[in-house]
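Okay, so here's the structure we're looking at.
FYI, it's all coordinate maths here, none of it is from the lab. Since this is a predicted model, take the numbers as computed values, not measurements. Here the Cβ is made from the backbone with ideal geometry for all residues, glycine too, and neighbour counts use every protein chain on show.
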Amino acid sequence: MNFSLVYIPDVAIDIKDAFNWYQKVSTGLGHEFLRMFFANTSDLQWNPEINRKMFEDFRRRLMNRFPYVVYYRIENSQIIIYGVFHCARNPQLIKKSISSRN
């Protein structure tokens, strides 16, 4: 089954912040971050259940090359992306953040 991807609005802020930070580190690195983010999320369409549940029904996908995780839920035939967070963040704060996002 092929799932469709849905990104809640807060994800755009998460991505923009990470993009800007990486661009400051090295020109072009922000674009590489974006490429890896979209590659990792599009891979979820083929087998979203490959990643285990972390918080309630939220699953997480570790990104390749960058220390970020993508949190998502599977609802019917959709994969809803709820957040993109740096791995160094406190898991309890991440849980609280994604639980309050719509």
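A few points about this structure:
- Debye, to nearest 20: dipole size of the stretch 23-81, +1 on Lys, Arg Cβ, -1 on Asp, Glu Cβ: 220
- Extension gain for N90-S26 works out to 20.4 nm (0.36 nm per residue, less the C-alpha to C-alpha distance).
- Between L34 and N76, the contour length at 0.36 nm per residue exceeds the Cα-Cα span by 12.5 nm.
- Residues in the stretch 65-87 that a label on I8 would reach, taking backbone N under 18 Å of a point 7 Å out along Cα→Cβ: 69-86
- Residues Y68, Y7, Y82, ranked from the fewest to the most other C-beta atoms within 10 Å, line up as Y7, Y68, Y82.
- Taking 4 °C and 1.567 mPa s as conditions, the stretch 4-100 diffuses translationally at an estimated 95 µm²/s according to Stokes-Einstein applied to its Kirkwood radius (Cα pairs).
- In this structure the amide hydrogen of Y68, modeled in the peptide plane, comes within under 5 Å of the amide hydrogens of M63, C87, none closer than 5 places in sequence on its chain.
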